[in-house]
Structures are given as structure tokens and as C-alpha cells.
Amino acid sequence: MESLVFSPQVTAYVQQQARELQPLLQRLRHCILQAAPQVEERFIYKCPFYYYLGQLCYMSTTKTGSVYLGFVKGMHLSNDQGLFAEPDTKQIRKVFFHPDQPFPEESLRELLQEAILYNDFKPSQQTLCKRRAMAH
């Protein structure tokens, strides 16, 4: 098994969060990085982002003491696991986690695998541009 590669900036971000959220952030971080060996952790836009053939998801905290995982291409995912909250953007779908609630590890792994597969097989921008040009 490959060792996980952690970004020092993300480690600092986690350590700066409320003490009760830190174990949850660490658990999410491990789960995301274990989803596929090629997932890369970066710190951009003031939060941890995860890349796999493009943006996959990002972690953030709320003012109400929870953590969420935003799936950048969430609108294209099935949500068969029932983890997504009601959409508040056109594209991004969020999963909220609370320190006092059970962690849906198996369902989250399934959702991460679906997002990874989407990025594996999504149409390239070049193909989309060609399709649009042909439609006009």
C-alpha cells in the first residue's frame, strides 16, 4: 500500500480548526487520500482541495461547528448513498459531517469512487467545444 502524501499547508489548516473538529477533518482527509493513489492534496482558496484528473472535492468548516465536503462536479453524481445535502449551487454538492454523529465511511468511500470514475471518464473540454461548434 502506498503511503499517503499530506500537504503541510493542509496539516496547518487542520491544526487551526476547533479542537472538536480536528479528528473529523483528519478522518475525512485519510478517507479521501485512500480513495485512489493518484489523489493529490493541495491548499488553495483558503481550504484543502483534492485533485484527481482535475478538481475532485474540498473540505471546509461551518460557523455552526460542522465540516463539509464539497464535490466540485457533484451535480453529475448519483447520490445513491443519500449523503448530499440540498443543493445550494448549480454544480457543487455538499456532504455535512458532525462530530457527534456516526461517520458514514462506507457510503463516503462509494461516493468518492463515483467522483473519481466521473473524472476518469468525463468528456474532455476539447470534445465539448467540438460538440458545441458542430451544434451551431
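The values are calculated or read from the model by the stated rules, or taken from the named source; none is laboratory data. Not measured: the values here are computed from a predicted model. Cβ sites come from the backbone with ideal geometry, for glycine too, and all protein chains shown count toward neighbours.
So here's what we get for this one:
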quantity: Region 32-48, residues that are modelled with pLDDT under 95 and touching a helix residue (DSSP H, G or I) at 6+ places or on another chain (Cβ under 6 Å); calculated: Ala35, Ala36, Val39
quantity: Filter result (within 19 Å of Leu56 (Cα to Cα) and at pLDDT below 95) within region 1-29; calculated: Leu4, Val5, Phe6, Ser7
quantity: Phe96 vs. criteria aromatic (Phe, Trp, Tyr), modelled with pLDDT of 95 or more and in a strand (DSSP E or B); calculated: yes
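Let's see how each residue does on (1) of a type outside the set (D, E, K, R); (2) at negative phi; (3) modelled with pLDDT of 90 or more:
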{"site": "Leu83", "(1), (2), (3)": "yes, yes, yes"}
{"site": "Asp100", "(1), (2), (3)": "no, yes, yes"}
{"site": "Glu106", "(1), (2), (3)": "no, yes, yes"}
{"site": "Tyr118", "(1), (2), (3)": "yes, yes, yes"}
{"site": "Gln125", "(1), (2), (3)": "yes, yes, no"}
{"site": "Ala135", "(1), (2), (3)": "yes, yes, no"}
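Residue by residue, here is whether (1) in a loop (DSSP other than H, G, I, E, B); (2) over 13 Å from the mean Cα position of the chain (by Cα) holds:
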site: Leu33; (1), (2): no, no
site: Tyr50; (1), (2): no, no
site: Asp100; (1), (2): yes, yes
site: Ser107; (1), (2): no, yes
